[in-house]
Amino acid sequence: MKLFDLHCDTLYRAYTEKSTLFNDSFHISFAKSGMISPYIQCLAVWIPDEYRGEDAVRLFQGCQEKLREQLDGTELVHCRTRKELDGLAQGGTGVVLTVEGGAVLNGRLENIAVLREAGVRMMTLTWNGRNELGDGVGVGNAGGLTDFGRQAVRELERQGIVVDVSHASEHLFDDVAEIAEKSFVASHSDAKAVCPHRRNLTDRQFGVIRDRGGLVGLNFCVDFLNKQGTNAKMYDIIRNAEHFLSLGGEKTLAIGGDFDGADIPPDMTGIETMPRLYEMFLHHNYSESLLEDIFFGNAFRFFQNVMD
């Protein structure tokens, strides 16, 4: 099978736990992904809310160096350009570097160019709290983008770094929708109509992303999949997909599993479970062409258009 996954925290874990991207105890290990090809994995540098200023910058730098070390001497491709991405169309394994949390900018627009030079191609504007760009979904009486945040969105677009609104407050989402000139994404979010968690998307928000040519990645976190949370199973991923598809999301829906950053359903173990999830979709009468779009094609084409 083919897979393009928009979000995981495996690189962050490998760095902070002094481990590797080939640790079989993680949800994602590139030592156990051989059944998937082509496989393109977005590796997020998570910036927790307690990291601000130079601490956030140093965390990113440490993860960046960890990635460089881990790729050295392997056949894994760091996809910085369209040419590198296109080279994986027929097979192989690649990674796309992303950031989860705009605090990495340390309040300085010029740091966006630094991220681009490092190979970052997508940035989640906030985590749950407040940073220099604006408010995340966990902020009480949350506002939207700050003046700096508005400037940052424009500069991210200019630098070819995709704007990601997962974790955004509703006001911040609406501000992005107002000022963004390019398509944007929610890399790892589910449907609020299926599970009314604050991190999930309303039908209106999904429609905005759909109409702007963006992506929404299905998140495997049990708390986001159904109202009971810990009772979530793989089938609840399909329930969220069905809802988004009912809204016309055939070319919008993708995978954003949140592996190594969330508790996943007990009938999943990690990346090696993805073929079984694909088969489960097939058994629920999804066509192979639609599944190829959801699991790979929609995200692949989106990043083809973004990368130069």
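The values are calculated or read from the model by the stated rules, or taken from the named source; none is laboratory data. Predicted, not measured: the structure shown is a model, and the values here were computed from it. Note that each Cβ is placed from the backbone with ideal geometry, even for glycine, and that neighbours are counted across all protein chains shown. With ligands, DNA and RNA removed, areas are computed over all heavy atoms of the protein, side chains included. Shrake-Rupley method; radii C 1.70, N 1.55, O 1.52, S 1.80 Å.
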Checklist line | Solvent-accessible area of H171 with every protein chain in place, 1.4 Å probe, in Å² to the nearest 10 | finding: 110 Å²
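Taking all protein chains as present, what is the carbon and sulfur share of the accessible area of region 16-161, in % to the nearest whole number, probe 1.4 Å?
Values: 2720 of 6060 Å².
Answer for region 16-161: carbon and sulfur cover 45 percent of the accessible area.
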Item checked: Theoretical gain in end-to-end length, A193 to E50 [0.36 nm per residue, Cα-Cα removed] -> 48.4 nm
Note to self: Can you tell me which of P266, P196, P48 moves the most in a GNM of the chain? Springs connect C-alpha atoms under 10 Å apart.
What the structure shows: P266
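On a full-extension model of 0.36 nm per residue, what is the gain between D263 and R276, subtracting their alpha-carbon distance, rounded to one decimal in nm? Walk me through the numbers before you get to the answer.
Details: separation 13, 0.36 × 13 = 4.68 nm, distance 1.82 nm.
In short, 2.9 nm is gained.
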Notebook entry, point to check: When only the heavy atoms of the protein chains count and the probe is 1.4 Å, how do R210, R199 rank by accessible area, highest first?
Noted result: R210, R199
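Within the set K2/K251; K192/K233; K32/K83; K2/K182, which residue pairs have Cα atoms separated by over 19 Å? It would help to have the intermediate numbers written out before the result.
Working: K2/K251 16 Å; K192/K233 17 Å; K32/K83 26 Å; K2/K182 27 Å.
Result: K32/K83; K2/K182 exceed 19 Å.
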Next item on the list: Would you mind counting up the charge near F259? Only other residues with Cβ under 9 Å from its Cβ, with Lys and Arg at +1 and Asp and Glu at -1.
Entry: -4
Check: Pick from A118, A191, A44: which residue has the top mean-square fluctuation in a GNM of the chain where Cα pairs under 10 Å get a spring?
Finding: A118
Margin query: Quick check: the distance between the Cα centres of region 242-277 and region 147-222, to the nearest angstrom?
Written below: 17 Å
Item checked: GNM result for the chain, Cα springs below 10 Å: residue of L225, L277, L11 fluctuating most strongly -> L277
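Below 12 angstrom from the Cβ of M307, what's the summed charge of the other residues (Lys, Arg +1; Asp, Glu -1)?
On the way: positive: R80, R82, K83, R116, R121, R301; negative: E84, D86, D308.
Combined, the nearby Lys, Arg, Asp and Glu give +3.
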Note to self: Can you compute the FRET efficiency between L245 and L109 using 1/(1 + (r/R0)^6), with r the Cβ-Cβ distance and R0 = 30 Å? Round to the nearest 0.05.
What the structure shows: 0.20
Notebook entry, point to check: Each label point is 7 Å from the Cα along the Cα-to-Cβ direction; what then is the distance between the points at Q228 and H284, in nm?
Noted result: 1.6 nm
Notebook entry, point to check: In units of 2.2 N^0.38 Å, what is the alpha-carbon radius of gyration of the chain?
Noted result: 0.91
